[in-house]
Amino acid sequence: MVCVAHQEEVKSDGTPASVASALLAALHAPLYLEWTASVGDKLTRIRAEISKDLATWPPPKVTLQITSGNNVIEVKIPSKATPEQLEVVLRAGTSVAGKGAMEEKHLSKVSGCTLESSPQKQNQHSKPQVIDTFPGKTDSRKLQLACIDQWHHDMCGHHALFSTRCLVQHQPSLLLDEDFFWGCTLRSISALSSHGESTGRWPKSRVIGGVADECHLQHLVDSDVSLKDSITVVQAVEQLRAQLLQPSSSASQGLAELRQGKRKAHGFLLGGAVHWYAATAVREEERGREPHLIFCDSYNRPMAHIPSDEEFEALVEERLDGWREWSVGKLGAEAEWKHRTEEDVRKAVESGVEEWWKGHRKSSLFWRFQPASVKREILRQELGGVRAYLDLIGQVLWENDVASKPARDGGYGSQTAATGPPCDAGGGATLSDP
């Protein structure tokens with residue numbers, strides 16, 4: 001293992017005044033520490049930035065690069081990743097780099113993952129795991145399957161795409177296969193980075209952290225011949241409703257063909273207020289069943305069967321209480337708060353911890369520790385949004401009556417997913433909940 005420090009050169013003309021200015025400028029300029037190691041014949045680097053704004057060490061995210069010849073796979077990962085988690089990423093990254101992913105021009109080649117597994121993995125993941133959401137209140141036509149647990153804060157869009165890919169391509173046994181997930185995801189990130197830089201649509205920095213906005217996911221779907229016209233990407237309930245009311249849309253045509261037995265699956269990537277979800281309508285004729293709807297959430301929270309309106313608020317408060325306890329532990333462990341009383345920490349969790357940027361107070365929606373009142377509304381939007389999405393898809397699958405039966409939105413309405421500004425603008429922040 002080799003560690004090297006890097007910094008952009010600060011020049012001077014050799015005079016005392018120039019040298020003094022250069023020394024102080026270098027002192028305040030970002031410094032990069034880079035650790036290098038070999039994995040077989042692949043070169044692996046982790047780079048961390050030290051800047052004057054850095055409050056803790058290590059920084060929350062570090063850049064991982066895996067190099068094979070001229071091929072470079074680059075992704076930002078949380079510095080709190082476990083060795084086991086990083087091992088899977090390294091294993092997938094060395095495989096992708098070795099296959100020359102960056103040399104391909106079309107995503108159908110770069111990220112069109114061939115979902116085939118070894119006999120050992122087939123045995124390990126052969127039976128999908130059903131999440132029992134609300135016993136006694138379930139609709140047998142809807143079910144939630146367990147998928148890979150998300151540990152990378154910003155990867156929810158890629159998780160949703162992978163889960164939908166597995167179901168659309170009739171490989172539910174691979175829903176829990178982390179090697180395939182990271183292989184597909186690293187290919188997708190490489191392709192997004194290359195496409196964004198070549199077209200000017202978005203900077204590489206926007207996507208190597210794992211962020212996937214609507215336009216990124218749409219590009220991944222449209223550029224993959226195995227997924228195009230088989231997955232619909234929407235960012236709001238009303239956007240989905242409008243598509244289902246339009247007979248010529250891919251969503252309407254996909255579900256119509258599924259009902260008629262002309263196709264076996266049609267997937268949906270569903271944008272919430274702070275998260276992406278996956279839903280896939282599936283027809284299994286050999287079972288003699290009517291079409292059913294499979295839902296996946298990368299945090300594996302029971303959500304496919306949201307209870308009635310009377311129980312909805314109780315569920316919101318139940319999840320809010322769980323969030324409070326998580327936030328108390330998280331905030332109380334930080335350097336500025338670890339010597340404060342538990343009462344102080346709980347008050348801060350309830351009121352939120354303010355954040356500022358260049359003299360301006362950030363919106364509380366973007367604070368790391370949001371006020372409980374904001375979190376309550378987000379939970380209402382998330383739970384209500386999921387219920388409305390599944391209601392709409394279900395109406396077309398089983399009733400074909402979207403126009404006369406407006407879906408419940410739980411206060412969600414036409415709000416778009418809070419995953420940052422439009423893709424062509426670049427920048428922004430992504431929110432994701434524990």
Relative contact order of segment 1-47, please, whole-number percent, based on alpha carbon pairs below 8 angstrom and at least 6 residues apart.
42 percent
Please compare each pair in Lys80/Lys362; Lys330/Lys375; Lys127/Lys228 to a cut-off of 22 Å on the Cα-Cα distance and tell me which ones are over it.
Lys80/Lys362; Lys127/Lys228
Between rounded, prolate and oblate, where does segment 1-75 land on the alpha carbon gyration tensor, with a ≥ b ≥ c its root eigenvalues, rounded for a/c under 1.5, else prolate if a/b exceeds b/c?
prolate
Using Cα pairs under 8 angstrom and six or more residues apart, how large is the relative contact order of segment 196-295, in percent?
18 percent
What does the C-alpha gyration tensor say about the overall shape of segment 334-395? Classify as rounded when a/c is under 1.5, otherwise prolate if a/b is larger than b/c, or oblate.
prolate
Taking the radius of gyration and the Kirkwood hydrodynamic radius from Cα positions alone, what is the Rg/Rh ratio for segment 298-367, to two decimal places?
1.08
Name the lysines eligible as straight-distance cross-link partners of Lys142: C-alpha to C-alpha under 17 Å, and not fewer than 8 places from it in the same chain.
Lys264
Once phi is turned into θ = phi - 60°, what whole-Hz ³J(HN,Hα) does the Karplus curve with 6.51, -1.76 and 1.60 give for every residue of segment 38-43, x standing for Gly and Pro?
9, 10, x, 9, 9, 9
Need the full-extension length gain, Glu325 to Lys11, defined as separation in residues times 0.36 nm minus the C-alpha distance. One decimal, nm.
107.9 nm
Rounded to whole Å², per residue accessible area for segment 154-244 with a 1.4 Å probe reads 28 Å²
What are the residues whose amide H is under 5 Å from the amide H of Ser226, where those residues sit 5 or more places off or on another chain and H is modelled from the backbone?
none
Just want to confirm a number: the relative contact order over segment 133-202, from Cα pairs under 8 angstrom separated by 6+ residues, in percent.
25 percent
Using the Karplus curve 6.51 cos²θ - 1.76 cosθ + 1.60 with θ = phi - 60°, work out ³J(HN,Hα) for each residue of segment 303-310 in order, rounded to whole Hz, and write x for Gly and Pro.
9, 5, 10, 5, x, 5, 4, 5
Stretched fully, the stretch from Arg301 through Lys338 gains (0.36 nm per residue minus C-alpha distance, one decimal, in nm) 10.4 nm
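The values are calculated or read from the model by the stated rules, or taken from the named source; none is laboratory data. From a predicted model like this one, the values you see are computed outputs, not experimental measurements. Each accessible area value is taken on the protein alone, full model and side chains, heavy atoms only, with ligands, DNA and RNA left out. Shrake-Rupley method; radii C 1.70, N 1.55, O 1.52, S 1.80 Å.
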